[in-house]
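Taking it in order: structure first as structure tokens, then the write-up.
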Amino acid sequence: MQINLERFRKYLDGFKMYVEMMSETALLDLQANKFFMSQEGYKHSIYNKAQSILDYKNWSTADIGTGSISRKVNLAINASENLVFKQQRIHFKNKINDNPKLAEQVLYNIYCSNKDSESFDEAVNFFGGKYDLIAYLFFIKDDQKYLPISSSNFDKRFALLNIPLKTSRNCSSSNYFAFINCIEQLRKLMEAHYGFNISLLDSHSVIWQLTLADEFVSQMEEKNADALLSNEVNDLIHQKGFQASGYSGKPKKQATPIHTNGHKVYPRNRFAALNALFIANNTCEIESSHKSFIRKNSDVKYMEPHHLVPMAHSDKFSVSLDVEENIICLCSNCHNEIHYGKNAKELIAQLYEKRKDMLKRVGINISLEELLLMY
Ligand SMILES: [Zn+2]
Ligand SMILES: [Zn+2]
């Protein structure tokens, strides 16, 4: 299987960090982790519930045509929560009503035959290419061998890992078993990376959560880099003789990124940050009346530099984002709000309105919508 291993490991590290932050415990086992289970544990409950409803080990060919098989499967589908879309549940019922006897034969074959590929394709012929539905029917048969699917969402995650598998509108036995095989390969890589056992279903959940965790980590990194920069600026301010100069109004070349543990980091210039604070007169650019304190060893008010277009997105631009035009002077409270607040969008929009023309002048072309997606 082709996969971008470096990126996968980075995502796994990010996921671990994310889960550990949210659960405030070291990640030593997925099913013992309260946060992970609060997010993904419901799939285990659905599985157990559906298994007891189905009770397919006690089915016999004599049940076909009695209605008891489709009744049980229908109940098990009603327990599926978000794993099967509502339209697909309705579709299932309609198909059963159209041809009750054949429906039960198809369902019987899924649960009581060992011919996975044949019974999958039979189900596709009977129910149509309803991927969520048919994958769910298999998943509740045995969660060690089969998985539910949300095809377009998994395709997005596979694309992030450079895996060329497309499941969307591709409902067939060969595609489904390629999907399971792919998650199985990722499961093995995950176990080797983390050093503990992971079930097939939990690997599926980790892949599902990877993009969320990745976003979280890049936000954390951005805030950490800001904090480091604040420290450096603090040291600089103590050295007498700093003269602020205004905005240059000219694009600046990007600095060469530094690679540390597989992460690419663009260095931040502390003079540019300091200059930006002084251009703003060391007052908060959200609201100049915002209070702060006076720094130790100098008479300058404490403020924090913040890159409006986050440095982590430097790759999307041909010019440097580390320019005064893109650096905002914020009080600690507004700075935290912009990174962690519910109201952050409004602050970002307000600052964007103020800076958009200046950004354009230094070659940073970005719409508000694009900017909001970066936070
Ligand atoms: Zn910031
Ligand atoms: Zn403020």
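Of the trypsin sites (Lys or Arg not before Pro) found in the stretch 55-147, the ones in coil according to DSSP and having at most 16 other Cβ atoms within 10 Å of their Cβ are LYS115, LYS145.
A crude spin-label estimate for the pair GLU370 and LYS291, with each label 7 Å from Cα along the Cβ direction, gives 4.1 nm. For the stretch 155-308, a simple Cβ point-charge model (Lys and Arg +1, Asp and Glu -1, everything else neutral) yields a dipole of about 460 debye relative to the Cα centre. If r is the Cβ-Cβ distance from ALA178 to HIS91 and R0 is 22 Å, what FRET efficiency results, to the nearest 0.05? So, using R0 = 22 Å, E works out to roughly 0.35. Counting only lysines at least 8 places from LYS16 when in the same chain, those with an alpha carbon closer than 22 Å to its own are LYS34, LYS43, LYS156, LYS188, LYS223, LYS264.
Pairs of alpha carbons in the stretch 213-373 separated by more than 26 Å make up 23% of all such pairs. For the chain, the 222 nm mean residue ellipticity estimated from helices alone, with every DSSP H stretch of n ≥ 4 adding -39500 (n - 2.57) and the total spread over all residues, rounds to -18000 deg cm²/dmol. Computed from point charges on the beta carbon alone (+1 for Lys and Arg, -1 for Asp and Glu), the dipole magnitude for the chain about its Cα centre is near 420 Debye. For ILE328, the residues 5 or more places off, or on other chains, whose built amide H falls under 5 Å of its own are HIS306, HIS307, LEU308.
Volume per residue of the convex hull around the Cα atoms, evaluated for the stretch 24-79, comes out as 73 Å³.
Distances between placed amide hydrogens fall under 5 Å for SER320 paired with LYS252, LYS253, GLN254, all partners being 5 or more residues away or on another chain. Comparing the chain with the 2.2 N^0.38 Å rule of thumb, its C-alpha radius of gyration ratio is 1.30 (two decimals). Once C-alpha pairs closer than 8 Å and six or more residues apart are averaged by separation and normalised to the residue number of the chain, the relative contact order reads 14 percent. Here the stretch 1-44 is scanned for amide nitrogen atoms under 16 Å from the site 7 Å beyond the Cα of LYS188 along Cα-to-Cβ, giving 1-5.
Each residue of the stretch 249-254 is assigned a 3J(HN,Hα), and the resulting list reads x, 10, x, 10, 6, 5 Hz, derived from the Karplus form 6.51 cos²θ - 1.76 cosθ + 1.60 (θ = phi - 60°), x at Gly and Pro. When you work out D = kT/(6 pi eta Rh) for the stretch 80-214 at 4 °C and 1.567 mPa s, using the Kirkwood radius from C-alpha pairs as Rh and the Stokes-Einstein form, the result is 83 µm²/s. With the charge dipole of the chain set up from +1 on Lys and Arg Cβ and -1 on Asp and Glu Cβ about the Cα centre, the Cα lying farthest toward the positive end among the listed residues THR167, SER38, GLN185 is that of THR167.
One decimal place: the segment ASP29-ASN170 gains 47.4 nm when fully extended, by the rule 0.36 nm per residue minus the C-alpha distance. When all alpha-carbon pairs of the stretch 314-375 are counted, what percent fall beyond 13 Å? Summing the P(r) of the stretch 314-375 above 13 Å gives 64 percent of all pairs. Helix 100-112 and the longest principal axis of the Cα set of the chain meet at an angle near 70°.
Read-outs: derived from the displayed coordinates by stated rules, not from any lab. On a predicted model such as this, the values are computed, not experimentally measured, just so you know. Cβ coordinates were reconstructed from backbone atoms using ideal geometry, including for glycine residues, and neighbour counts include every protein chain displayed.
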